[in-house]
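**Student:** Sharing a structure here in structure tokens format.
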Amino acid sequence: MTDSAYAECPLPLDNSIPDDGAASLDSIVCTDELHKRPSREPEHQKENAALAALVVALADSPSTILQTLADKVLDVLSADSAGLSLLTKDGKRFYWAAIAGAWGPHIGGGTPRNFGPCGDVLDRNIPMLFTHWEWRYPYLGAALPLAEEGLLVPFHVNGRAVGTIWAIAHNVERKFDAEDLRLLQSMGRFASVAYQTVESIEELKLEVAAREKAEASLRELAGSLEQQVLARTEQLRFSESRWKRIFDNSAIGIAAVDRNGRFEMANSAFQRMIGFTEEELKEKSYIDITAPDFRAFNVSLMAELLEGKRDQFNIEKQCRRKDGRLIWVRNNVSLLPGADGVPHNAMSIVEDISERKAAEESLQQTQARLSHAAEIATAAELSASIAHELNQPLSGIITNASTCLRMLDADPPNTDGARETALRTIRDGNRASEVIARLRALFSKKNVKSECVDLNEAVREVIALSSSRLRKDQVALQVSFANDLPYINGNRVQLQQVILNLLQNASDAMSAVNDRRRRLVIRTERHEHDGVRLSVQDVGVGFDPDVANRLFETFFTTKNGGMGVGLSVSRSIIEDHGGRLWAAPNKGPGATFGFCIPQQTADITFESMRPLELSSVATAL
Amino acid sequence: MAHSLVSVIDDDVSVRESLPDLLRMLGYDAEAFASADEFLASGSVGQTDCLLLDIAMPGMSGPDLQSELTLKGQDIPIIYITGCGDTTTRVRMLKNGAAECLYKPFSDGALVKALNSVFGKRNNS
């Protein structure tokens, strides 16, 4: 029979006597017999040894103390089975917590609280001796071998009976006596201690289990963290190796510099590009290899990067190779965050754009040549037109004069004819002068359109036209537009020519500036009540106050290769608009040029003849 | 004595007014027309011994008239007079059969020289 059979036993719910005429409690209890039977001699040595072993067991292996106790009871009492029954927490059953001897296999089984020997013992709270308890409690008939006698002693914890400790004799010859009772009671006291120990162990176990569970989840967390760290490390390693591969094999130059601009590393593409080895580069700063014209601008950009004013910057500049050759490069420079989050390095992606630049320059030269050729063609066309217009009357004049002379030289002189041809000569002279007048007319108002001009818009268009040149000249353009600017009457194209001229002058004035940012500020403002004002401020070389009054004279120039017509033409345009062109030195470096134009009610007439209009005249003729 | 007839065709009035008088002083008969069409419409085409012809004119140009005359079998020697030509113009005109090409304004000497080349005279002043 297995212990599972007990669990399947139908368990009575109360202590009522079954109807099938089962034995009464008294019929199975023979406690009184204990004292009637002759008591055997105490075996104190054996008892002491058992108790000593229990104490040691309690200290060494408290979790198995109940089983040890059962073993010792079996041993000390020379019983056939021995064990402990504990009341379950809900108080409904006893379960056999530890069994030694013949009933060993039944461990884990048990009896109902209110219908079994343990219950009887606890109810009466006294030791009891049973015989053949299966007569009253039939389910115990299944627990083999059958109990000839069973001696049970209650034990208590904090005054509360919590279980029994018991010994069973399956042999009819073995009869328990008073000495057995004394020994079991003695062991019973120990059972109380053992129980409490086990209980606290169970609690501890629960606690430990909970802690272990917590620890396990912690371990799991730690494990997953570790896994993440591993994965991240792997990623890093991968990205590092990937970075390394990119770094080494990239066709694009990659270099890193420290905060002082000194090279820390450079890939082979960069080394090839610049001609220096990485070792040589480590002795240099990026400034050393940058062509002088670009240094100041580059340094200011780098400073802004390191100050956190920008995340990255692009610069197209010339670099001096080791062999002295200049190359054009395009740099994209950004910060490399360090381990502490503070950037210590700037990384530069470097592209050799020399070929592109050469192509661009040749294109620009071609364009310049074309535009020059177009100017010449326009001028030629114009001069041909003017020549044709003038040659007709001139031809008449010369022919008439020749005829006149011949008539006077004739014999006799034809004075009437000579007078006639002289009059025709005068008429042709007047015709020539009319042609000039007609040309003047073409150069002026007929061809000049006056319209409503939005100065801001006009400036924007000029900026759009000159942005590539300003970029090339490394000019940092700053724009400040008044948003309440009135429209003015004027010729937009002419005004744009003036603005373009001022911008180019400002840019040219800064071409030699390398120790500061080439800042150009273009500003529009309201002038007086309803006029407009434009100023262009540079940080360039400025002008000598001694020549200030000559700045706007035709053919006066301070520029190499300048024609000296820009400002004089500009002035005449602005004056035609009723305005004034002015120049003023800055408090700091550079100068400010500008104009103001008042609002005009009447349409403007443009009287002066100026070369800027050649092309329009040519097409008109 | 019958003089050679030189016809002047030019849209510019100064030329039409001045050239005929000079031509007469040089011993030629002279007529002036404001356009090629006017000349073709006149009865002078068959009588004309030499043309002083402007190149660029409204309507039919000088070279157009030259082609027209060639088609009609009227082989009249032509001296072009132009106010806006360049050196290549003269070369082109001479190549196309013109006797001469004068740039306005031209001197009476240049005109005399050109006419002499047409009429085979020397030092006719």
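Any read-out appearing in this document is the output of simple, stated calculations on the displayed coordinates, not a laboratory observation. Since the structure is predicted, the reported quantities are computational estimates derived from the model, not experimental observations. Cβ: placed from backbone, ideal geometry, glycine included. Neighbour counts: every protein chain shown.
**Student:** What ratio of Cα Rg to 2.2 N^0.38 Å holds for segment A:250-352?
**Tutor:** This ratio for segment A:250-352 stands at 0.99.
**Student:** Of the listed peptides A:428-437, A:104-113, what is their order by residue-averaged count of other C-beta atoms within 10 Å, with the highest listed first?
**Tutor:** Output ranking for A:428-437, A:104-113: A:104-113, A:428-437.
**Student:** Please report, to two decimal places, log10 I(q)/I(0) for segment B:5-118 at q = 0.22, 0.23 Å⁻¹ as given by the Debye formula with identical point scatterers on the Cα atoms and no solvent.
**Tutor:** With no solvent term, the Cα-only Debye profile gives -1.37, -1.54.
**Student:** What is the distance in Å between the Cα centres of segment A:576-593 and segment A:159-203?
**Tutor:** The two parts, judged by their Cα centres, are 117 Å apart.
**Student:** Based only on the alpha carbon positions, what is the Kirkwood hydrodynamic radius of segment A:4-207, in angstrom?
**Tutor:** That comes to 17.0 Å for segment A:4-207.
**Student:** Just tell me how shielded B:9-20 is by partners: mean number of partner chain Cβ atoms within 10 Å of each residue's Cβ, no decimals.
**Tutor:** Across B:9-20, the average partner-chain Cβ count within 10 Å equals 6.
**Student:** Quick one: Kirkwood hydrodynamic radius for segment B:54-102, alpha-carbon pairs, angstrom, one decimal?
**Tutor:** For segment B:54-102, inverting the mean 1/r across all distinct Cα pairs yields 11.0 Å.
**Student:** Related question: Report the normalised scattering of segment A:111-156 as log10 I(q)/I(0) at q = 0.14, 0.16, 0.17, 0.24 Å⁻¹, calculated by the Debye formula with identical scatterers on the alpha carbons.
**Tutor:** Debye output, listed in q order: -0.30, -0.39, -0.44, -0.85.
**Student:** Over segment A:4-207, what is the relative contact order in percent, taking alpha-carbon pairs closer than 8 angstrom and at least six residues apart?
**Tutor:** 25
**Student:** Suppose R0 equals 35 Å; then what is the FRET efficiency for B:Asp64 and A:Leu405 from their Cβ-Cβ distance, rounded to the nearest 0.05?
**Tutor:** 0.50
**Student:** Sum up the charges of everything whose Cβ sits under 13 Å from the Cβ of A:Ala291, counting Lys and Arg as +1 and Asp and Glu as -1, but leave A:Ala291 out. If you can, show how the numbers build up before the last one.
**Tutor:** Values: positive: A:Arg295, A:Lys317, A:Arg320, A:Arg321, A:Arg325, A:Lys357; negative: A:Asp288, A:Asp293, A:Glu316.
Net of charged neighbours comes to +3.
**Student:** In whole Å, what is the distance between the alpha-carbon centres of segment A:107-152 and segment B:73-103?
**Tutor:** About 154 Å separates the Cα centre of segment A:107-152 from the one of segment B:73-103.
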